[in-house]
Each structure stands twice: as structure tokens, then as C-alpha cells.
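Participant: Okay, handing you the structure first.
Please treat every number below as a calculation from the coordinates, not as lab data. The structure presented is a predicted model; accordingly, all values stated were derived computationally and were not measured. Backbone-built Cβ (ideal geometry, glycine too); neighbour counts: all protein chains shown.
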């Protein structure tokens, strides 16, 4: 699945898991915009993703992990291990 398709799916998955309607995002987005995002017809900015995640009460990295790993716990763990290793390398720290 392409990353943008996966992001659209992840947004919809988290929204539904939280029991939120598209209208619940009215403080940060219109229902139409949410629909466009979830159908992969629009691409959100990083700022918009952050706002959406606040409404869904998840960290943006949770959304991105779900987008890249799907519903596989094994894939999510492997992805998070990779991120930890890359952060340690980039920040000049040893292995965590």
C-alpha cells in the first residue's frame, strides 16, 4: 500500500477507534476536508496532522507508525526499533 493510502487509512482507523465522527474535528477541520483526507484526495501538512492527532488524542508518531506498519504488531515493533536506532545514531548516543 502506498504511504499516502496508508496514511488515509490510519487516520480513518484511529478516528473510528476513538469513536469520533468527522464532525468532531470541526475546531481544526471541516467534515469535507476530513472526508477528502480519508479518501486520500488531500494530503495534510505536518501542522494539520498535529492538530488532527490532538483531537484523536494520539501522538503523531502513533499515526505514522500505524500508517507504515499497518495493523501488524510485529511490523510496528520492528519500525520502532529502527527509529530508536536511527535516533541514537543521529544524536550521537550509543545504542539505547
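Participant: For percent of Cα pairs over 22 Å apart, one of [x] 79; [y] 33; [z] 22 was computed from the structure I shared and the rest are decoys. Which label?
Facilitator: Answer by label: [y].
Participant: Quick check: residue separation of residue 21 and residue 78 times 0.36 nm, minus the Cα distance between them. What number comes out in nm?
Facilitator: The residue 21-residue 78 span can extend by a further 17.4 nm.
Participant: Still on this model: Describe numerically, in nm with one decimal, the distance between label points set 7 Å from Cα along Cα→Cβ at residue 30 and at residue 61.
Facilitator: Each label point lies 7 Å from its Cα, and together they span 3.5 nm.
Participant: Once the piece of chain linking residue 40 and residue 68 is laid out straight, how much longer is it, given 0.36 nm per residue of separation minus the C-alpha distance between them?
Facilitator: Here the segment from residue 40 to residue 68 would lengthen by 8.6 nm.
Participant: Hey, rough spin-label estimate for residue 50 and residue 90, points 7 angstrom out along Cα→Cβ, what's it come to in nanometres?
Facilitator: Rounded to a tenth, the inter-label distance reads 1.6 nm.
Participant: Another question about this same structure. Run the helix sum for the chain: -39,500 (n - 2.57) per DSSP H stretch of 4+ residues, divided by residue count, reported at 222 nm to the nearest 500 deg cm²/dmol.
Facilitator: Rounded to the nearest 500, it is -20000 deg cm²/dmol.
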